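First the structure, in the form of structure tokens, and then the observations on it.
The values are calculated or read from the model by the stated rules, or taken from the named source; none is laboratory data. Computed from a prediction, not measured in an experiment: that's the story for all the values here. Every residue, glycine as well, gets a Cβ built from its backbone with ideal geometry; the counts of neighbours run over all protein chains shown. SASA here: full protein model, heavy atoms, side chains in, ligands and nucleic acids out. Shrake-Rupley method; radii C 1.70, N 1.55, O 1.52, S 1.80 Å.
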Amino acid sequence: FEKFRQAHLRETDEATVCRLKSYLGVVADMIIDIVGNTPLMRPTSNKNAPDNRRKYFLMAMDHIDKHCCENITPLSVAQRVNVSLSYLQHLFIEFSSDGIASAIRRKRIERACRYLIETDRSIKDIAFSCGFYNTDYFSVAFKKSTGTAPLKFRKLHICDLEPDEGDL
């Protein structure tokens, strides 16, 4: 991304860079939709094939869990696990009924939920620290995932954590 930006967008402000980075998730989702509808070649018969498939899936999930707030993409996860993107996408559908991009987004939302409850950081700061470079996209994704807006989520859950007067 940086090479492209330097080659084509030399005079770009930080807001534009963040906006462009936020589009990466949308493009990745589009690619995954295309890849998800493409028939995959089955691996040749191997006694260890089911174990290997599960192993690759678990390795990918572990990588997503550890690095979800960084600028990771489905392709970077596949490269980290050392399999093709289409094969890893197939494994995600097989083992979790969800795509790689959805798993990344879900893990980022989970982290954002924790930050909203445990800290008093701003919504924008939480969005950026959880890997969302566009606060509008963060709000839409958060609401779609949790059923409520980030600020409302915080207010609902902070009230649940405050002790009652009888508990003091």
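Residue under question is E70, and the condition is that it be under 22 Å from F57 (Cα atoms), of a type in the set (D, E) and part of a helix (DSSP H, G or I); does it hold?
Working: under 22 Å from F57 (Cα atoms): yes; of a type in the set (D, E): yes; part of a helix (DSSP H, G or I): no.
Here the answer is no, as E70 does not meet what is asked.
On the basis of being closer than 30 Å to P150 by Cβ, in a helix (DSSP H, G or I) and modelled with pLDDT under 55, does I93 make the cut?
Values: closer than 30 Å to P150 by Cβ: yes; in a helix (DSSP H, G or I): yes; modelled with pLDDT under 55: no.
When the stated conditions are applied, I93 does not pass them.
Taking the condition of being touching a helix residue (DSSP H, G or I) at 6+ places or on another chain (Cβ under 9 Å), open to solvent by 40 Å² or more (accessible area, probe 1.4 Å) and under 25 Å from N134 (Cα atoms), how many residues in region 47-69 meet it?
Within region 47-69, residues that are touching a helix residue (DSSP H, G or I) at 6+ places or on another chain (Cβ under 9 Å), open to solvent by 40 Å² or more (accessible area, probe 1.4 Å) and under 25 Å from N134 (Cα atoms) number 3.
Looking only at region 135-148, how many residues end up being more than 10 Å from A112 (Cβ to Cβ) and open to solvent by 40 Å² or more (accessible area, probe 1.4 Å)?
Going through region 135-148, the residues more than 10 Å from A112 (Cβ to Cβ) turn out to be 135-137, 139-140, 143-144, 147-148.
Going one step further and asking which of them are open to solvent by 40 Å² or more (accessible area, probe 1.4 Å), we end up with 135-137, 139-140, 143-144, 147.
Here the count works out to 8.
Pull up region 35-67, narrow it to residues that are among the hydrophobic types (A, V, I, L, M, F, W, C) and modelled with pLDDT of 90 or more, then point me to the one that is nearest to the chain's Cα centre (by Cα). Talk me through it step by step, then tell me what you get.
Within region 35-67, the first condition is being among the hydrophobic types (A, V, I, L, M, F, W, C), and the residues that meet it are 35, 40-41, 49, 57-61, 64.
Applying the additional criterion that residues be modelled with pLDDT of 90 or more yields 57-61, 64.
Details: F57: 15, L58: 16, M59: 16, A60: 12, M61: 11, I64: 8 Å.
Here the residue is I64.
Against the condition open to solvent by less than 80 Å² (accessible area, probe 1.4 Å) and of a type in the set (V, I, T), how does I100 come out, does it pass? Don't jump to the end; show me each part of the working.
Working: open to solvent by less than 80 Å² (accessible area, probe 1.4 Å): yes; of a type in the set (V, I, T): yes.
Yes.
Quick one: G131 ticks every box in (1) open to solvent by less than 50 Å² (accessible area, probe 1.4 Å); (2) free of Cβ contacts under 8 Å to residues at least 60 places away in the same chain; (3) not in a helix (DSSP H, G or I) bar one, so which box is it?
Answer for G131: the failing condition is (2).
I want to confirm something. Restricting to region 76-88 and keeping residues that are buried (at least 16 other Cβ atoms within 10 Å of the Cβ) and touching a helix residue (DSSP H, G or I) at 6+ places or on another chain (Cβ under 7 Å), which single residue is farthest from Y133 (Cα to Cα)?
Only one residue fits best here, namely V83.
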